[in-house]
1. Can you give the helix-only mean residue ellipticity at 222 nm for the chain, where every DSSP H stretch with n ≥ 4 adds -39500 (n - 2.57) and the sum goes over all residues, rounded to the nearest 500 deg cm²/dmol?
2. Work out the length of the dipole vector of segment 9-84 about its Cα centre, built from +1 on the beta-carbon of each Lys and Arg and -1 on the beta-carbon of each Asp and Glu, and round it to the nearest 20 debye.
3. Among LEU101, LEU244, LEU35, which comes first, then next, by fewest other beta-carbon atoms within 10 Å?
4. Please arrange TYR168, TYR24 by how many other C-beta atoms lie within 10 Å of their C-beta, fewest to most.
5. Using the number of other C-beta atoms within 10 angstrom as an exposure proxy, rank LEU213, LEU240 with the fewest first.
6. Calculate how steeply helix 32-42 sits against the longest principal axis of the alpha-carbon atoms of the chain, using the helix alpha-carbon long axis, and give the answer as 0 to 90 degrees to the nearest 10.
7. Mind scanning LYS78/LYS210; LYS110/LYS189; LYS145/LYS248; LYS7/LYS186; LYS145/LYS186 and naming the pairs with a C-alpha gap bigger than 32 Å?
8. Taking only C-alpha pairs under 8 Å that are 6+ residues apart, what is the relative contact order of the chain in percent?
Amino acid sequence: MSRANPKTVQALLKAHRIGIKKKYGQNFLIDDNILTKIVDAAALEASDVVVEIGPGLGGLTEHLIKRSSRVIAYEIDKHLIPTLEQHFAGPTFHLIHDDVLKRDIDEDIKQYAGDANDVIVVANLPYYITTPILMRCLESSKRIKRMVVMMQHEVARRITAMPDTKDYNALSIAVQYRAKATYRFKVPKSVFLPAPNVDSAVVRLDFHDKTQLPEDEETFFFAFVRAAFKQRRKTLLNNLTEFLSHEKAEIADMLDTLGIDGSRRAETLSIEDFIRLAAHFKSA
Ligand code: SAM
């Protein structure tokens with residue numbers, strides 16, 4: 001029987017005396033149809049190397065091992081390690097008992113999968129650290145090419161949001177600057193044990209081959225974007241005046257020269273607009 005079967009999940013918890021830990025965001029998937037949909041969204045090929053974050057009891061892991069050449073998994077909870085090791089022991093499964101946020105993922109890939117550099121992350125994420133995990137993979141890995149991840153529905157809406165929508169914010173830009181973000185499907189609370197308080201959704205991120213700015217300009221770009229969105233109801237001009245060291249009138253003139261009306265709100269600007277503005281104001 002599958003490790004995502006509700007009875008198996010209960011039996012595993014009991015047999016290994018595992019208490020479900022809220023502090024680690026533990027909501028185990030108990031529906032094989034959803035697991036199949038997640039793995040399908042990842043479009044895995046038999047030769048692919050997969051990184052899983054938070055295998056839990058191994059419900060998703062089981063599907064990933066069948067559909068790839070190798071799975072490298074990070075699990076923080078020591079109580080889950082024995083059952084994962086017993087069940088999945090073999091040359092194509094590598095379990096790292098650690099906090100994923102403390103790891104150099106590319107180094108781990110190198111150790112367990114040599115020079116693989118088109119790695120796919122598939123995970124039902126621990127929701128309390130969704131954004132740090134996403135940003136870590138997006139910003140510091142050169143080997144990951146795609147992620148298919150489950151997260152809170154609300155966060156999924158934000159990271160896939162387009163300009164001029166209420167969900168579009170600095171996080172949408174931080175993610176979409178580095179990857180094409182696609183909302184795949186919503187997941188009901190009923191397919192988890194225990195059921196979480198919020199709805200979930202699966203998102204696919206296809207990493208861009210190249211980013212548009214040189215690395216040394218990115219820090220300013222992201223600070224600029226955060227400042228532009230700082231107070232959502234304020235105009236771009238007012239938010240930027242608090243952030244930049246120029247006079248308000250000067251900023252208004254510069255925006256004008258760039259063809260952007262300072263009375264607009266940040267959410268009406270595309271990533272390309274932000275790149276153009278940040279490049280200009282950085283050197284102004
Ligand atoms: N993949 C399993 C499933 O779908 O049933 C479990 C998903 S559960 C939402 C999140 C998993 O991430 C848990 O197993 C939890 O212990 C693990 N986890 C939480 N924080 C972690 C961290 N910082 N590093 C690695 N794993 C973590």
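The numbers here are math on the coordinates, done by the rules we state, and not lab data. For clarity, every value in this text was computed on a predicted model and none was experimentally measured. When we count neighbours, we look across all protein chains shown, and the Cβ atoms used for this are built from the backbone with ideal geometry, even at glycine.
1. When only DSSP H runs of four or more count, the value is -12000 deg cm²/dmol.
2. 440 debye
3. Details: LEU101 13, LEU244 16, LEU35 23.
Starting with the residue having the fewest Cβ neighbours, the order is LEU101, LEU244, LEU35.
4. On the way: TYR168 23, TYR24 18.
Final ranking by Cβ density, sparse to dense: TYR24, TYR168.
5. Values: LEU213 16, LEU240 24.
Final ranking by Cβ density, sparse to dense: LEU213, LEU240.
6. The answer is roughly 50 degrees.
7. Among LYS78/LYS210; LYS110/LYS189; LYS145/LYS248; LYS7/LYS186; LYS145/LYS186, the Cα-Cα distance tops 32 Å for LYS78/LYS210; LYS110/LYS189; LYS145/LYS248.
8. That works out to 15 percent.
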